[in-house]
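Presented below is the structure to which this report refers.
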Amino acid sequence: MSTDSPAVSTASPRPPKKPATTEPEILTGSGAVLRSLKNLGITDVFGLPGGAIIPFYDELMADTDIRHILVRHEQGAGHAAEGYAASSNRVGVAIATSGPGATNLVTAIADAYMDSVPMLAITGQVFSTLMGTDAFQEVDIIGITMPITKHSILVKDPADVPAAIASAYHIATTGRPGPVLVDITKDAQQNSAPFVWPPKLDLPGYRPVTKAHGKQITAAAELLAAAKRPVFYVGGGVIRSKASSSRRPACRSSRRSWPAAPSPTRTTSTSACRECTAPFPPSSDCRRAT
């Protein structure tokens, strides 16, 4: 019988396997726009193709997840996206090319800004090397729309596309909703870069107001209480914030304090008859009475 002890392995233990690192996918800028819209849950877009936005349309037409509604004028795309957002409680997306295509969106963007409608306007821009040279269909749409958007973003690098689209969506839907424009140069759409979706948005200076001002509410309540016949002009903001049920009791309670409306009084005409100079109705001896 052998008394030898069992052999002990002197080999060092293998280090644990490191998790496989997945390299970010390389996409063109236009492909990154399409992937970003999918990540945000966009299923419908409205637009009209043109030269500076053709690279994105090449990607869009080869995809089946996002439905494209073709319009006959860019202004129609903007208003369609606006109506889509207002009726579906989602973000409306309008797409246009550079120059006149982008400026045709201005009226719809301004309307969305005034009505607090969340809308994402994506426009193509000329090559970044041609900007500022009065190139064909070059327009400073960022400067034009700055007063009528919550924010406007110019993208010249395809690597910046995911963060730009994600930031635009976040700004359009938070706080008081409104339109955001993303202008993407043609070379940024054609060139490629790793697609990296931002895990967290860094938007310094963007602090949307989400609570009403207490003193303003008190002042408004005092004005309504002092009014003899108050009129409530309530619009889409109450509907979007789902405050209709809390608004009705205030309207009804204020109506109970209204004074009774005076009964209408019938007025008599002071016009005189041409025949007898008597006030209307004419007298019995007037020739016109017969």
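The values are calculated or read from the model by the stated rules, or taken from the named source; none is laboratory data. Keep in mind that what you see is a predicted model, and the values were worked out from it rather than measured. Note: ideal-geometry Cβ built from the backbone for every residue, glycine included; neighbour counts use all protein chains shown.
A few points about this structure:
- Among the candidates D183, D202, residue that is surrounded by 10 or more Cβ atoms within 10 Å (Cβ to Cβ) and within 28 Å of the chain's Cα centre (by Cα): D183
- Residue ID - nearest to V33 (Cα to Cα), chosen from residues in the stretch 176-195 that are in a loop (DSSP other than H, G, I, E, B) and modelled with pLDDT of 95 or more: F195
- Answer from G47, G124, G29, G41 - the residue that is more than 17 Å from I184 (Cβ to Cβ) and at pLDDT 95 or above: G41
- Against the conditions (1) modelled with pLDDT of 90 or more; (2) within 24 Å of M146 (Cβ to Cβ), P199 satisfies every one except (2).
- Just one residue in the set S128, S116, S87 is touching a Ser or Thr at 6+ places or on another chain (Cβ under 6 Å) and surrounded by fewer than 19 Cβ atoms within 10 Å (Cβ to Cβ); that residue is S128.
- The residues on offer are A86, A81, and the sole one that is closer than 17 Å to A112 by Cβ, modelled with pLDDT under 95 and either in contact with a helix residue (DSSP H, G or I) (Cβ under 8 Å, 6 or more places away or on another chain) or of a type in the set (S, T, Y) (or both) is A86.
- Residues in the stretch 131-163 that are surrounded by 22 or more Cβ atoms within 10 Å (Cβ to Cβ) and either charged (D, E, K, R) or on the phi > 0 side of the Ramachandran plot (or both): K150 alone.
- The stretch 155-179 residues that are closer than 18 Å to P204 by Cα, paired with ones that are in a loop (DSSP other than H, G, I, E, B) and of a type in the set (S, T, Y) (beta carbon under 7 Å, 6 or more apart): I171/Y206; G175/T210; R176/S116
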